[in-house]
1. Do you know which residues across segment 89-119 are in contact with a strand residue (DSSP E or B) (Cβ under 7 Å, 6 or more places away or on another chain), modelled with pLDDT of 95 or more and charged (D, E, K, R)?
2. Test Val195 against the stated conditions and say whether it is touching a Leu at 6+ places or on another chain (Cβ under 6 Å), not small (Gly, Ala, Ser) and not in a loop (DSSP other than H, G, I, E, B).
3. Which members of segment 98-145 meet the condition of being within 13 Å of Tyr175 (Cβ to Cβ), within 14 Å of the chain's Cα centre (by Cα) and in a strand (DSSP E or B)?
4. Report every pair of residues separated by at least 6 positions or lying on different chains whose Cβ atoms are under 9 Å apart, first residue within segment 173-186 and closer than 24 Å to Lys201 by Cβ, second assigned to a loop (DSSP other than H, G, I, E, B) and acidic (Asp, Glu).
5. Report, by residue number, each residue of segment 188-208 that is more than 21 Å from Gly75 (Cα to Cα) and touching a residue at least 24 places away in the same chain (Cβ under 8 Å).
6. Return the residues of segment 149-180 that are closer than 23 Å to Gly129 by Cβ and out of contact with any helix residue (DSSP H, G or I) (no Cβ under 8 Å at 6 or more places or on another chain); say none if nothing qualifies.
7. Return a yes/no flag: does segment 92-104 have any residue that is over 23 Å from Asn123 (Cα atoms) and among the β-branched types (Val, Ile, Thr).
8. Residues Ile160, Ile64, Ile130: which one is surrounded by fewer than 17 Cβ atoms within 10 Å (Cβ to Cβ), within 16 Å of Gln196 (Cα to Cα) and either of a type in the set (Val, Ile, Thr) or touching a Lys or Arg at 6+ places or on another chain (Cβ under 6 Å) (or both)?
Amino acid sequence: MQDSAHSRHSRHIHRGRRGGRAAAGAVGALAALTVLTGCDITVGGEGLTAEAQQPTSAPSERVIGPDGLGPFKVGMTLQEAVATGEFKKEKEDPEACMGYTTDDDIRVGWSGRLGVTSVSAENVRTPEGIGPGTTFAKVVRTYERAEADDPPLDEAIPVIGTIWTSVPDRPKNMYAIKFDMAGVANRDQLFQAPVQVVVLKLKAEQNC
């Protein structure tokens, strides 16, 4: 599981439409989502101006998991994704991790073989309450590692700041959870590291 994160040498492709985001704090979350979903994400326009960086009201939280996010479920076919009216399939590059961002800012990872392989968005929270700002200590109290032979979560997180966990009652799914590791210098601080991004993924998709 961890080796796959280090071996992402494929070219990443992002497809879809995005409007410009106003909140300056969104930039860090978008960068983390790029790493976890394999999708290149662009913040619209020619850069964030001083006016664009002014705080705006936060969007309502959405629930991610145990099966999907919004109308999308991981494992659904591409035909089912297109039928939602919010997804457009484009020509697949077999050497790339394919991605599409909907008008509702849901990032959908997909492949021709597996269909929808991941879903993510800003300001989401799992049914168990895990989302941006949740501490690593709470995450490890809530979820098990994704596979029994994976290293313990507290050994995995210092490597790249990301862990892969089980999804309760969904053995084919997993959460990829990225933490903000800034300022973490010891084990006590490690357990206070906050969640930055949560991505729901198919276990079958290990390369994106």
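1. The one that is in contact with a strand residue (DSSP E or B) (Cβ under 7 Å, 6 or more places away or on another chain), modelled with pLDDT of 95 or more and charged (D, E, K, R): Arg107.
2. Details: touching a Leu at 6+ places or on another chain (Cβ under 6 Å): no; not small (Gly, Ala, Ser): yes; not in a loop (DSSP other than H, G, I, E, B): yes.
It is false that Val195 is touching a Leu at 6+ places or on another chain (Cβ under 6 Å), not small (Gly, Ala, Ser) and not in a loop (DSSP other than H, G, I, E, B).
3. Of everything in segment 98-145, those that are within 13 Å of Tyr175 (Cβ to Cβ), within 14 Å of the chain's Cα centre (by Cα) and in a strand (DSSP E or B) turn out to be Ser118, Val119, Ser120, Val124, Arg125.
4. Going by the 9 Å Cβ cut-off, the qualifying pairs are Asn173/Asp67; Met174/Glu147.
5. The first filter runs over segment 188-208 and keeps only residues more than 21 Å from Gly75 (Cα to Cα), leaving 188-196.
The answer is Leu190, Phe191, Gln192, Ala193, Pro194, Val195, Gln196.
6. Taking segment 149-180 first, the residues closer than 23 Å to Gly129 by Cβ are 150, 152-154, 156-157, 161-180.
Passing the criteria: Pro152, Gly161, Ser166, Val167, Pro168, Asp169, Arg170, Pro171, Lys172, Asn173, Met174, Tyr175.
7. no
8. Working: Ile64 fails: surrounded by fewer than 17 Cβ atoms within 10 Å (Cβ to Cβ); Ile130 fails: surrounded by fewer than 17 Cβ atoms within 10 Å (Cβ to Cβ).
Unique residue meeting the criteria: Ile160.
The values are calculated or read from the model by the stated rules, or taken from the named source; none is laboratory data. Fair warning: this is a prediction, and the values are worked out from it, not measured in the lab. Every residue, glycine as well, gets a Cβ built from its backbone with ideal geometry; the counts of neighbours run over all protein chains shown.
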